[in-house]
Amino acid sequence: MDKKFKRIGVLTSGGDSPGMNAAVRAVARTAMHYGMECIGIRRGWQGLINSDFIILNNDAVRHILGRGGTILYTARSEEFMTEKGREKAVGTCRMLGLDGVVAIGGDGTFRGALELSRLGVPVMGIPATIDNDIGCSNYTIGFDSACNTAIDCIDKLRDTMQSHERCSVVEVMGRHAGFLALYVGLAVGATSVLIPEKEVNFEEDVVARIQNSRLSGQTHFMVVVAEGAGSAIDIGHRIHEALGLDPRVTVLGHIQRGGAPTGRDRETATRMGYHAVRAFAEGRSGSVICTQEGAIKEIPIEEALAMKKNLPMIRYEIMEAISAPGVFK
Ligand code: F6P
């Protein structure tokens, strides 16, 4: 081992996701296990610029495993995008005596991590976003919790849609990806799911599916729209024009980012946090901790950023086959 890590920093950056606290706790506790000190950098990369930190001792991370949000706060930093900002961040690392930094977040966070590592600061990344859109990792912390929150909300909506025999159009998050929408759509038995990975054919994907569903005896309908596939409000108007229904539109929004993390998110975050610090302890850095087929892998940040992950379209086919198969096919 060339470099000895004695003190490390940890930060959360970008959109928060349930399970980030579990990852912070795992990083701090694993650091203690290896005899390192752990400093929590607050407000993401901006906190590294502003020297905004707290000491993460054992007490500081007690009882946060099951808490939503992030005790370290999070931000998207414009200043860190500049060379000057990054130089200040390196200065903070020197001032605080940080031998390495664990960055928890999405691809924007990893682009920051890559820049910092190019300036000589050892960095490890941990993927955490409800969008599950990080190419190098099958799974990102927060996805399961967000899916379950959306499912719970849609189950509630279904109760009232069923009573009033209405059509519901629900917009879920996911940025440019449809992972969240498709997973949720399958889990709630949506009539139709619109995702950015498949060009929307309104007549086929919405109108015909609602008609088929009605012909099969259904009197309420659930259309799930990924935010990257269009606006639920627009889709609601178009359904009204095409079918004369009076849809109710719900944009779930940031509620999907809150709440206690599920068991899967706590467990994954704990394993990822452990492996990130273990890499430092064993003298490695410059990678993102990923899950691939359930196993933990370290992938160099630059390579990780270039990797693409395809939405498994078989899930869309399953949704089409099962949710509104139609009686006259
Ligand atoms: O990346 C997570 C995410 O919640 C996306 O699903 C969404 O598009 C975006 O962040 C919303 O960002 P903000 O919190 O800045 O509104």
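General observations
- Helices of the chain meeting both criteria, an alpha-carbon length of 15 angstrom or more along the long axis and an average Kyte-Doolittle score not below -1.0, with helices taken as full DSSP H segments, are 20-33, 83-96, 107-118, 143-164, 232-243, 263-281.
- Considering only Cα atoms, the convex hull volume of the stretch 25-105 works out to 86 Å³ per residue.
- Cα pair distances exceeding 18 angstrom across the stretch 95-202, given as percent: 59
- Sparsely packed GluC sites (Glu not before Pro) within the stretch 136-199, loop by DSSP, other Cβ within 10 Å at most 11: Glu165, Glu199
- What the Kirkwood sum gives for the stretch 274-313 is a hydrodynamic radius of 11.2 Å, with every pair of different alpha carbons counted.
- Packing here is the average count of other Cβ atoms within 10 Å per residue, and on that basis the peptides 96-109, 259-272, highest first, run 96-109, 259-272.
- Mean silhouette area of the stretch 64-147, derived from the convex hull of its C-alpha atoms and averaged over all directions, reads 6.3 nm².
- Of Ala232, Ala146, Ala295, the residue with the greatest mean-square motion in the GNM of the chain, using alpha carbon springs below 10 Å, is Ala295.
- Centre-to-centre separation between the Cα atoms of the stretch 119-162 and those of the stretch 3-31: 18 Å.
- Residue-span extension gain [Glu203 to Lys84] - 0.36 nm each, minus C-alpha spacing: 37.7 nm
- A viscosity of 0.890 mPa s and a temperature of 25 °C, combined with the Kirkwood radius over Cα pairs in Stokes-Einstein, give a translational diffusion coefficient for the stretch 1-155 of 157 µm²/s.
- Inter-label distance for Ala295 and Arg94, nm, one decimal - labels placed 7 Å from Cα along Cα-to-Cβ: 4.1
- Note on the chain: along the principal axes its Cα atoms extend 69, 36, 34 Å, ordered by decreasing extent.
- For the stretch 240-305, pairs of C-alpha atoms spaced more than 20 angstrom apart make up 54 percent of the total.
- Computed over the chain with a Gaussian network model linking Cα atoms closer than 10 Å, the most mobile of Tyr34, Tyr139, Tyr274 is Tyr34.
- Taking every alpha-carbon pair under 8 Å whose residues sit at least 6 apart, the stretch 145-257 reaches a relative contact order of 39 percent.
- The chain - percent of accessible surface contributed by carbon and sulfur, probe 1.4 Å: 48
- Calculated accessible area for the stretch 183-318 comes out at 48 Å² per residue, all protein chains present (probe 1.4 Å; ligands, DNA, RNA ignored).
- Computed as a quarter of the hull surface, the mean projected area of the alpha carbon convex hull for the stretch 145-257 stands at 6.1 nm².
- Kirkwood-Stokes translational diffusion coefficient of the stretch 208-249, alpha-carbon pairs, 37 °C, 0.692 mPa s, µm²/s: 299
- Only helices enter this figure: runs of n ≥ 4 DSSP H residues, each worth -39500 (n - 2.57), summed and divided by the residues of the chain, yield -12500 deg cm²/dmol at 222 nm to the nearest 500.
- In this label model, Ala60 and Arg7 are separated by 1.1 nm, measuring between points 7 Å along each Cα→Cβ vector.
- With R₀ set to 30 Å, the beta-carbon distance separating Asp159 from His237 gives a calculated FRET efficiency near 0.75.
The values are calculated or read from the model by the stated rules, or taken from the named source; none is laboratory data. Quick caveat, the model's predicted, so the values are computed rather than measured. When we count neighbours, we look across all protein chains shown, and the Cβ atoms used for this are built from the backbone with ideal geometry, even at glycine. Calculation scope for accessible area: heavy atoms of the full protein, side chains included, ligands and nucleic acids excluded. Shrake-Rupley method; radii C 1.70, N 1.55, O 1.52, S 1.80 Å.
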